[in-house]
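Every number in this text was worked out from the coordinates using simple rules, so none of it is lab data. On a predicted model such as this, the values are computed, not experimentally measured, just so you know. Quick reminder, even Gly has a Cβ in these numbers, built from the backbone with ideal geometry, and neighbours come from all protein chains shown.
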Amino acid sequence: MTVAITRKISPRFSECELTHIQREPIDLELARQQHASYTATLSALGCEVIELPEELSLPDSVFVEDTAFILPEVAVITRPGADSRKPETESIVQALTPYKTLLHLNAPATGDGGDVLVLGKNIYIGKSTRSNSAAVTQLQNLLAPYGYAVAQVELRDCLHLKSALTKVDEETVLINPNWVDTTNFKNLRWIEIDAAEPHAANCLPINGKILYPTAFPKTAAKLEAQGYALAQVDVSELAKAEGAVTCCSLIV
Ligand code: GLY
């Protein structure tokens, strides 16, 4: 069974880090309702959801994706780039230990899981304000024994690599080509976001469906026209914290 690790929203959620969007008021109760719908949708898609308790003092801790990334062979515990987020990994180590052998990024490396895109044996790391070149070098050394090639990818105008593109299936990415150096992705099939929806490139394929925000109807229509079945969720309050659908779970 697919396991999805999530974490309840911190009471200090509105103090989240923001990098590329303006701060606006967040309705904490609505954010919690939306997050509950998100986890219910993961369950409906066949996941066993393991929901960690809220972290009172860690505003961004609902975005568990940034604390680790998971491969068939091992999981890598990251070292988040924002200092406010570094303590988020402690409880994730506990949560992942039953499932995977754990590898770790160490200083001076910093890396957020949102910058890590795994496509088969190729791993792409966004060169962002959060993820540095030392992380790429460490990951190359850690993961070469498992047959992975790790490459750094230039970004612009967005927080994470997975703000700019995400996997739809093994051959296909959903992409905003204005935010990422597309060189590494030329050999894949692209579904381009609608130009009016620049934040629309983040989707989460789960068990044959695509978990996708309700905020991007034009891009959703493009995905459906290509034959993909969507499970749509309203994550508008999470988006105000610069989060998206991949950010809120670790899929084991
Ligand atoms: N607020 C999400 C992040 O900056 O990591």
For labels at H20 and L230 in the simple 7 Å Cα→Cβ model, what's the distance in nm?
-> 2.0
Please label the shape of the range 124-172 as rounded, prolate or oblate, based on the square roots a ≥ b ≥ c of the eigenvalues of the alpha-carbon gyration tensor (a/c under 1.5 means rounded; beyond that, a/b larger than b/c means prolate, else oblate).
-> oblate
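Can you tell me the length gained on complete extension of the stretch K86 to E51, counting 0.36 nm per residue apart and subtracting the Cα distance?
Between K86 and E51, full extension yields an extra 10.6 nm.
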Take every DSSP beta bridge with both residues inside the chain and express the antiparallel ones as a percent of the total, to the nearest 5.
-> 45
Given Cα pairs under 8 Å that are at least 6 residues apart, what percent is the relative contact order of the range 102-252?
-> 16
Under 14 Å from the Cα of K167 - aspartates and glutamates, other chains or at least 8 residues apart | D115, E192
May I ask you to order 73-80, 132-139, 48-55 by the average number of other C-beta atoms within 10 Å around their residues, highest value first?
-> 73-80, 132-139, 48-55
Quick one: work out the % antiparallel among DSSP beta bridges in the range 95-209, nearest 5.
-> 50
Would you work out if the range 142-252 is rounded, prolate or oblate? Take a ≥ b ≥ c from the square roots of the eigenvalues of the alpha-carbon gyration tensor; rounded if a/c is under 1.5, else prolate when a/b is larger than b/c, oblate otherwise.
-> rounded
Long-range amide H contacts for I206: which residues qualify at under 5 Å (H placed 1.01 Å from N, peptide plane, sequence gap of 5 or more or a different chain)?
-> L211
Sketch the reach of a paramagnetic label on N141 as a point 7 Å from Cα along Cα-to-Cβ, and name the residues of the range 68-97 whose backbone nitrogen lies under 19 Å away.
-> 75-80
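Counting each DSSP H run of 4 or more residues in the chain as -39500 (n - 2.57), what helix-only mean residue ellipticity at 222 nm follows after dividing by all residues, to the nearest 500 deg cm²/dmol? Walk me through the numbers on the way to the answer.
Numbers: 6 runs with 53 residues, N = 252.
Roughly -6000 deg cm²/dmol at 222 nm, from the helical runs in the chain.
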Using a basic spin-label model with each label point 7 Å from the Cα along Cα→Cβ, how many nm lie between D194 and T172?
-> 1.8
Prolate/oblate/rounded call for the range 1-136, Cα gyration tensor, a/c under 1.5 rounded | oblate
Starting from the Cα of S37, step 7 Å along the direction of its Cβ; do the same at A134; then give the gap between the two resulting points in nm.
-> 4.2
Lysine pairs in the range 1-128 with Cα atoms under 23 Å, if 8 or more residues apart or on separate chains = 5
